[in-house]
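Presented below is the structure to which this report refers.
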Amino acid sequence: MLSQKAKYALKAMIALATQEEGDLLQAADIAERQNVPRKFLELILLDLRKHGLVRSQRGKFGGYALAKPADAITFGQVIRIMDGPLAPIPCASLTGYRRCADCRDEKSCAVRRTMREVRDAAAAILDGTTIADALGAGAHEARAAIGA
């Protein structure tokens, strides 16, 4: 299940993607427009900055902006930063693999095989969907909806 942290991160990334090139958006504005607790959002933005997805500028006219084009940032990237691997169980993960202690034969394990299919399907959608895709043709409407 998607954590609240990952959901807020995606909302913040979408809000930042609605900004014009070079414009900065303050955390307080994102929090208010997206109905996200400000302190929690600031921690999320710090993680996203640390991973190179957003950039920040301090000062009175400071704020946040995407560090990469919106079409180069996927939902999968953001979710992995916030929540870790996409797989529902560790033995089905590509990035966080851990063998199950109770598994005798991993190669014939029906649970692992099914959860790997779940992971692969989720990754195909999330890694194939960019922040720009989320805005789609409604980018202008999205800007208006968040008050940008």
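The values are calculated or read from the model by the stated rules, or taken from the named source; none is laboratory data. Computed from a predicted structure; not experimentally measured. Ideal geometry is used to build each Cβ from the backbone, glycine not excepted, and the neighbour counts take in all protein chains shown.
Going by what's in this entry, would residue 91 be described as buried (at least 16 other Cβ atoms within 10 Å of the Cβ) and not aliphatic (A, V, I, L, M)? Yes. Considering the stretch 78-132, the residues that are under 25 Å from residue 5 (Cα atoms) and among the hydroxyl-bearing types (Ser, Thr, Tyr) include one that is modelled with the lowest pLDDT, namely 95. Listed by position, the helices (runs of 4 or more DSSP H) inside the stretch 1-64 whose residues that are aliphatic (A, V, I, L, M) and over 22 Å from residue 86 (Cα atoms) number at least 3 are 4-17, 27-34.
Residue selection: residue 34 satisfies the criterion of being in contact (Cβ under 8 Å) with a residue 12 or more places away in the chain, surrounded by 12 or more Cβ atoms within 10 Å (Cβ to Cβ) and touching a Phe, Trp or Tyr at 6+ places or on another chain (Cβ under 8 Å).
Is at least one residue of the stretch 42-62 exposed (fewer than 14 other Cβ atoms within 10 Å of the Cβ) and in contact with a Gly (Cβ under 8 Å, 6 or more places away or on another chain)? Checked against the condition, which is being exposed (fewer than 14 other Cβ atoms within 10 Å of the Cβ) and in contact with a Gly (Cβ under 8 Å, 6 or more places away or on another chain), the stretch 42-62 yields at least one hit.
Look at (1) over 19 Å from residue 77 (Cα atoms); (2) not in a helix (DSSP H, G or I) and you find that residue 87 fails only one, number (1). The sole residue among 72, 132 that is surrounded by 12 or more Cβ atoms within 10 Å (Cβ to Cβ), touching an Asp or Glu at 6+ places or on another chain (Cβ under 7 Å) and closer than 22 Å to residue 22 by Cβ is 132.
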